[in-house]
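The values are calculated or read from the model by the stated rules, or taken from the named source; none is laboratory data. Please read these numbers as outputs of a predicted model, since none were measured by experiment. Backbone-built Cβ (ideal geometry, glycine too); neighbour counts: all protein chains shown.
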């Protein structure tokens, strides 16, 4: 089942939408502007009637898998149910209708919400202040590293290296490099946790920070976190927390207490703002007192119940996004926190850990577990044995799950586990869902042993089968080097590509 | 569940966490019912003042526009807004195809070869474009020409600092210049000589980065027509509510030979074994999850749902609809500019310069003017001296299709009273 592109559905005869006229005397662009300033040819946008548009997008919607329909076992992505109340809150005219350059006196409610959200996030992760400006997790990572760089600069220390574990998210080394640091990799030990010996050998007066997530990307709690923090701080470096795994321990423990100096959070993971098919998210960053002077400006300040935006921050790293961040996502996250409360957030994390361990236990009989449990909110299995014995790869299992009405787990990450299958069930899935997911894994693994060829041809029930990305890449390359005219990365009228 | 795992309580699963780190509870109030929650949130919303669309004449990067009902009807479909990033192509064809359509729409609008799948906002789009130029030319200075949105420049500076890119103001590029960045129309609404700036950039071996307004591209020559190398901008006007500045969407499009340096995701077509056309994330080898510290951008999550809104908006408007709203804004803004310039003591701040639907006027006692309008329920001009000291007493006003003829009369009357 496929759907034509809007451009292919376009009909020249469609009447344009009825729109207000100017109703005032005034010039047309061609009366005033020199011809070279004017567009020579109108953009080739499709022409569709409203019913055609609604049907087109409804059909496209039906080609999507979503959390509103079923389970996403996506490790490190925390795909929880998105409460519908959040959407209602963000759409309130008192929020959605605000211009960012209204006077502060007219946006007191919005600023109060931001201030309260900041206080709540501080309470959850154990820090002094939080900036709500970053638009996504990677943006938050980079913002935190800029603050750490500014901190070292303010002390006239020239620290050029950031340590990143080999199991880290790809955004960690990328964010560090883009903040001007040299990335130094720290190895994991055989137990899946960071190797203290390797860390020791790589820490130096050059080290600006260690980036860590805890529990790590294998779903394991770094038991020696307090020792790690001491080692890092002893060299004068900072400890940065990648908040991708925050859902593991809300109300159980806090990165601030573990010794982390900067913490980013993904509101679109832990605090249920929807993923939107790849954003918008929000990636606030929390910091301890020593980093507060470097926060992006403006910050939200509250005095005697009156809220202001503080732009006078001489040591600030500046501005990382226009206006005040993804405000609509902040409203959603605040609504979630208010509904859940401290008790509900704590229970959510406890249930997430329970779900992960339960599911881990169920699939342990079928998939290899390279690391000993218990796990926290997620676990990493490996299809390595099936690959060597039956030629069935993690990717095959992922695709076979799509045929069984489940989304695929995160595969081939973390890089330290061969044929990795990373599963994060979250607290919003029922036992029945987890049971049926485990049953699907069992069925797939059994098939891998008896009839592996069938799995290579899956998925079959999805709107399209496995897409040939290699052939696509070859065609794109031909276009990019000027050997072909079909760009592949956009639609072109057939006559244009002939 | 505990029994299956073989433990007695959830606490038995938390044994790896040192006791000294364990919390009793969070210092937050207990949870609320849905009814109480929304009542509290609504109470905060009610403490804000919302100006009527038709009486909003303030722009500065965020504009009131007519938003077709179809936009929210599509973006509020849970199949779209609760879907994950489309890494599993077979289960994400809806999102992937919508992004592919968005990429094509942006490429058409800007007359550039290829657009990416979206960025966070206009400001980060400018910064990412500067990074492309830095990588492409191997030079580390970028030149900001004219009144580019001050917050975009601030973000550019913050990005540049980590990457070793120097940001200078001016329009005379030299051998060290990686790119000339200009905004068309600029932050004050003024039209710049985009072709001349582009030529100057190219003569110095630099790239030309055009930051453009997507609606006014229905009227104005698009970056592709005057040979700019990268087109960027803020897509808020394409169907997104002001929402105190976000979430909106940044767009970026470029020439064919720069595509490998484009940041963020790209969607392309591919085929399955049966020959059916589908859509996949393409050229992923440029991205952070593959290249790690060698990546030239760290962007992962972008603004897909906002890009979807933009796609629905542009499809609803079609070429004629888009041109119509652009023309209405043009006509009304020129009408208003003439009437405001006639007010005693008021004058156009740049009478020799052309504009589209936003313009700058120099007025006596600007802050009392703005306050007076607010008392009448009008969100009046933006005081730009906050960012540019030389523009003391200058306010910018904007008009779109939502500011009807009566609203303009109301504004002029309020000022005269």
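With respect to the conditions (1) within 27 Å of residue A:37 (Cβ to Cβ); (2) more than 13 Å from every other protein chain (Cβ to nearest Cβ); (3) out of contact with any helix residue (DSSP H, G or I) (no Cβ under 6 Å at 6 or more places or on another chain); (4) not in a loop (DSSP other than H, G, I, E, B), residue B:338 falls short on a single one, namely (2). Of the helices (runs of 4 or more DSSP H) that lie entirely inside region B:119-235, those containing 2 or more residues that are farther than 27 Å from residue A:44 by Cβ, under 15 Å from the mean Cα position of the chain (by Cα) and at pLDDT 95 or above span B:122-137, B:150-163. Residues in region A:214-252 that are within 9 Å of chain B (Cβ to nearest Cβ) and either touching a residue at least 60 places away in the same chain (Cβ under 8 Å) or crowded, with 24+ Cβ neighbours inside 10 Å (or both): A:215, A:220, A:221, A:225, A:249, A:250, A:251, A:252. Scanning region A:260-296 for residues that are within 11 Å of chain B (Cβ to nearest Cβ) and touching a strand residue (DSSP E or B) at 6+ places or on another chain (Cβ under 7 Å), we see that the one that is farthest from residue B:21 (Cα to Cα) is A:296.
Among the residues of region B:236-259, which ones are closer than 24 Å to residue B:401 by Cβ, outside any loop (DSSP other than H, G, I, E, B) and away from chain A (no Cβ under 11 Å)? If the condition is that a residue be closer than 24 Å to residue B:401 by Cβ, outside any loop (DSSP other than H, G, I, E, B) and away from chain A (no Cβ under 11 Å), then B:251 is the only one that fits. Just one of (1) modelled with pLDDT of 95 or more; (2) out of contact with any helix residue (DSSP H, G or I) (no Cβ under 8 Å at 6 or more places or on another chain) fails for residue B:304. It is (2). Checked against (1) surrounded by fewer than 23 Cβ atoms within 10 Å (Cβ to Cβ); (2) touching a strand residue (DSSP E or B) at 6+ places or on another chain (Cβ under 9 Å); (3) in a loop (DSSP other than H, G, I, E, B), residue A:322 passes all but condition (1).
Applying the set (1) over 19 Å from the mean Cα position of the chain (by Cα); (2) surrounded by 19 or more Cβ atoms within 10 Å (Cβ to Cβ); (3) not assigned by TED's automatic domain parsing to the domain that holds residue B:306 to residue B:23 leaves exactly one unmet item: (2).
Scanning region B:101-118 for residues that are more than 7 Å from every other protein chain (Cβ to nearest Cβ) and assigned to a helix (DSSP H, G or I) gives B:102, B:106, B:110.
Any idea how many residues of region B:146-160 are closer than 14 Å to residue B:188 by Cα, within 8 Å of chain A (Cβ to nearest Cβ) and touching a strand residue (DSSP E or B) at 6+ places or on another chain (Cβ under 9 Å)? Adding up the residues that qualify gives 2. Scanning region B:356-393 for residues that are surrounded by fewer than 18 Cβ atoms within 10 Å (Cβ to Cβ), closer than 17 Å to residue B:188 by Cα and touching a residue at least 60 places away in the same chain (Cβ under 8 Å) gives B:387, B:388. When restricted to residues that are within 12 Å of residue B:58 (Cβ to Cβ) and assigned to a helix (DSSP H, G or I), region A:94-115 contains 1.
Answer yes if at least one residue in region A:150-158 is modelled with pLDDT of 95 or more, over 25 Å from residue A:342 (Cβ atoms) and at the interface with chain B (Cβ under 7 Å from one of its Cβ atoms), and no otherwise. Within region A:150-158, not a single residue is modelled with pLDDT of 95 or more, over 25 Å from residue A:342 (Cβ atoms) and at the interface with chain B (Cβ under 7 Å from one of its Cβ atoms). Entry remark, region A:427-464: residues being touching a helix residue (DSSP H, G or I) at 6+ places or on another chain (Cβ under 7 Å) and part of a loop (DSSP other than H, G, I, E, B) number 7 in total. Can you pull out every residue in region B:263-304 that is within 7 Å of chain A (Cβ to nearest Cβ), on the phi > 0 side of the Ramachandran plot and in a loop (DSSP other than H, G, I, E, B)? Within region B:263-304, just B:283 meets the criteria. From the list B:140, B:174, which residue is in contact with a strand residue (DSSP E or B) (Cβ under 8 Å, 6 or more places away or on another chain), more than 10 Å from chain A (Cβ to nearest Cβ) and over 22 Å from residue B:106 (Cβ atoms)? Answer to the check: B:140. Within region B:34-62, count every residue that is more than 7 Å from every other protein chain (Cβ to nearest Cβ) and either free of Cβ contacts under 8 Å to residues at least 40 places away in the same chain or under 29 Å from residue A:340 (Cα atoms) (or both). Of the residues in that region, 4 qualify. When every residue of region B:354-376 is checked against the conditions, none turns out to be at pLDDT 95 or above, in a helix (DSSP H, G or I) and not assigned by TED's automatic domain parsing to the domain that holds residue B:407. Considering region A:374-402, the residues that are in a loop (DSSP other than H, G, I, E, B) and surrounded by 19 or more Cβ atoms within 10 Å (Cβ to Cβ) include one that is farthest from the chain's Cα centre (by Cα), namely A:392. Which of the following residues is over 16 Å from residue A:266 (Cα atoms), assigned to a helix (DSSP H, G or I) and assigned by TED's automatic domain parsing to the domain that holds residue A:180: A:120, A:144, A:89? It is A:89. Just one of the listed residues (A:419, A:469, A:424, A:429) is within 26 Å of the chain's Cα centre (by Cα) and more than 27 Å from residue B:289 (Cα to Cα), and it is A:429.
Just one of (1) surrounded by fewer than 22 Cβ atoms within 10 Å (Cβ to Cβ); (2) more than 8 Å from chain A (Cβ to nearest Cβ); (3) closer than 27 Å to residue B:249 by Cβ fails for residue B:320. It is (2). Determine whether residue B:46 is surrounded by fewer than 17 Cβ atoms within 10 Å (Cβ to Cβ) and within 30 Å of residue B:411 (Cα to Cα). It is true that residue B:46 is surrounded by fewer than 17 Cβ atoms within 10 Å (Cβ to Cβ) and within 30 Å of residue B:411 (Cα to Cα).
Being touching a strand residue (DSSP E or B) at 6+ places or on another chain (Cβ under 7 Å) and outside any loop (DSSP other than H, G, I, E, B) holds for only one residue in B:36, B:79, and it is B:79.
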